[in-house]
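Participant: Pasting in a structure now, in structure tokens, and then I'll have a few things to ask.
None of the figures in this text is laboratory data; all of them are computed from the coordinates on show. Bear in mind the structure is a predicted one, so any value in this text is a computation, not a measurement. Cβ: placed from backbone, ideal geometry, glycine included. Neighbour counts: every protein chain shown.
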Amino acid sequence: MASWVETALILFVNLLISFAAGCATHRESYVRALKTPQAMVICLITQFGVRPAIVFGLMVALSVPDHTAVGCLLCAMAPGGNGSNLLEIIFRGNIELGIVCTLCSSLFASVAIPLDFFLYAKRFSEKKFTFVTMPWDDISSAIACVVAGAVAGAILRYHNDRLGEILEHRTAAVGLLLLVAAVVLALVQNLGALHIIPWSAWVATIFPCPCGLLFSYYPARFSGMSTLDARTVATEVGECNIGVAYAILLLLYKDEDDRREVFSGIVAYTVFNEIYIFGAAFYWRFVDPIVPNNDDASSSEPASTASLKISRSTTTTTTTTGGCGAQKDEEQSALSGGAMTNDANLPALGESTTDIELFFRHGTTDEVPPTDTTTVPPQHGDSALCSRTEDEPSELGSFTSSTTALSGSACSNTPTHLFE
């Protein structure tokens, strides 16, 4: 049995990771996450249906020893752990959606694990595992850590956005270091289990995590979810709560030799699973990141925040007067709360358009140049007539924000009242 010190340390790491994930969340995004039921459905089906079936087939096909096969199956049927939320912080996934999926899988595990154990593990073990013998204390503590940490982090971020952002990165870094240290320490303390892992178990555990990622990512994309949301769902499926698997091992097996053999299966599964899942997270972060302004980006950022980032107005006025010709070129765009204040400001097709106007037509924009007003003084003629900006009243009628050109008309000192 694990000592109370190790148990407390594991709970502290889980609570720290959940707190870091909560600091990265926004209240509005939880509402959107709850309105994405296909994510939770795909997560549950793949975690408790597809993944255990794949591992069971590999154990049978490669003739993995019984106790080692049970250890691999316990990992395959375990719910998603807090480590998935840490991975989502690393590759900047939809953390709100990840927390919701983690809670759903942890709650559903009380029914799914006994069913999966009956369907698959009974071939390799004579042990009986039912709803009553579930490790309720471990599952309850995992759920409590997710809820308490996420709620505390979300409340802090809501009341102090800057402090929440700082603590998000720092607590995530500390949680990652503690998690790596715990894994290394566990491997060092159980070197004996590494020596008894058969080659068939090493080969079999190469495939479950990639299959879980594929069978969750592409259904999520086909269901209409964004790339970032699909990666979040795949991460939830790929990561498993090893603590729950280890707790079931301790409940079912009392003999030390049996425990060591079953634990060897847990170790084999965990080694390749963590290599794949952390490799995917760092690949998505540094090699193939999602650009924040990309149309395919996740909806994890509130729409109001995204609109404020592009809220700006620019005015560029150029007036040139010379001889009998006059030309005026004015560009103006205004954005307030993510919407144009006046649709008439959009020029007709074929005329000049500004970057903000392109954003509303095509959903993309580049950096808008700062405000610049240039007026070329007239060479001759009446400047009051031939040099006019949109802000000045016009007796000819109202100007629009599109380019207006006056060519072929006499620009003399004729009083403007003659055009009325």
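Participant: For the residue pair residue 38 and residue 255, what label-to-label distance in nm results when each label sits 7 Å from Cα along the Cα-to-beta-carbon direction?
Facilitator: It is 5.0 nm.
Participant: Which of rounded, prolate or oblate describes segment 4-301 when judged by the alpha-carbon gyration tensor and an a/c cut-off of 1.5?
Facilitator: Cα axes put segment 4-301 in the prolate bin.
Participant: Order by neighbour count: 67, 169, fewest other Cβ atoms within 10 Å first, most last.
Facilitator: Exposure proxy ranking, most exposed first: 169, 67.
Participant: Using θ = phi - 60° and the Karplus relation 6.51 cos²θ - 1.76 cosθ + 1.60, list the HN-Hα couplings for segment 68-77 in order, rounded to whole Hz, with x at every Gly or Pro.
Facilitator: Once rounded to whole Hz, the list reads 5, 5, 4, x, 5, 5, 4, 5, 5, 9.
Participant: Moving to a separate point now. Of 223, 216, how do they rank once you tally other Cβ atoms within 10 Å and put the fewest first?
Facilitator: With the sparsest Cβ surroundings first, the list reads 223, 216.
Participant: How much length is gained on full extension from residue 282 to residue 185, taking 0.36 nm per residue of separation minus their Cα-Cα distance?
Facilitator: In short, 32.6 nm is gained.
Participant: If you don't mind, there's one more thing I want to ask. Near residue 79, within a Cβ-to-Cβ distance under 13 Å, what is the net charge of the other residues, with Lys and Arg +1 and Asp and Glu -1?
Facilitator: Local net charge: -3.
Participant: Which of the three applies to segment 1-150, rounded, prolate or oblate, going by the alpha-carbon gyration tensor with a ≥ b ≥ c and a/c under 1.5 meaning rounded?
Facilitator: Judged from the Cα gyration tensor, segment 1-150 comes out prolate (a/c at least 1.5, a/b above b/c).
Participant: Another one. Using only Cα atoms, locate the centre of segment 103-149 and the centre of segment 182-204, then give the distance between them in Å, rounded to an integer.
Facilitator: Segment 103-149 and segment 182-204 have Cα centres separated by 23 Å.
Participant: Just to confirm the filter: which chymotrypsin sites (Phe, Trp or Tyr not before Pro) across segment 112-192 are DSSP coil and have at most 13 other Cβ within 10 angstrom of their Cβ?
Facilitator: Here the sparse-neighbourhood loop sites are 131.
Participant: With a 10 Å Cβ neighbour count serving as the proxy for reagent exposure, in which order, fewest first, do 207, 263, 56 appear?
Facilitator: Ordered from fewest to most neighbouring Cβ atoms within 10 Å, 207, 263, 56 come out as 207, 56, 263.
Participant: What is the dipole size for segment 52-164, taken about its Cα centre, with +1 at each Lys and Arg Cβ and -1 at each Asp and Glu Cβ, in debye to the nearest 20?
Facilitator: Value, rounded to 20: 60 debye.
Participant: Still on this structure: Picking from 103, 18, 49, whose Cα lies most toward the positive end of the charge dipole for segment 4-301 (charges on Cβ: Lys, Arg +1; Asp, Glu -1)?
Facilitator: 49
Participant: Calculate, in nm to one decimal, what residue 275 and residue 203 gain on full extension: separation in residues at 0.36 nm each, minus their alpha carbon distance.
Facilitator: 24.5 nm
Participant: Find how much the distance from residue 144 to residue 195 grows on full extension, using 0.36 nm per residue of separation minus their present alpha carbon separation; answer in nm with one decimal.
Facilitator: 14.8 nm
Participant: Can you quote the Å³ per residue value for the convex hull of the Cα atoms in segment 132-196, rounded to an integer?
Facilitator: Taking the convex hull of the Cα positions in segment 132-196, it is 93 Å³ per residue.
Participant: Would you mind checking which residues have amide H under 5 Å from residue 124's amide H? H placed 1.01 Å from N; only 5 or more apart, or other chain.
Facilitator: none
Participant: Let me ask another. Taking θ = phi - 60°, what integer Hz values does the Karplus form 6.51 cos²θ - 1.76 cosθ + 1.60 yield along segment 106-115, in sequence order, with x for Gly and Pro?
Facilitator: Using θ = phi - 60°, the values come out as 5, 6, 6, 4, 4, 9, 6, 5, x, 5 Hz.
Participant: Let's test the formula: R0 of 45 Å, r as the Cβ-Cβ distance of residue 177 and residue 214. What FRET efficiency results, to the nearest 0.05?
Facilitator: After rounding to 0.05, the efficiency reads 0.90.
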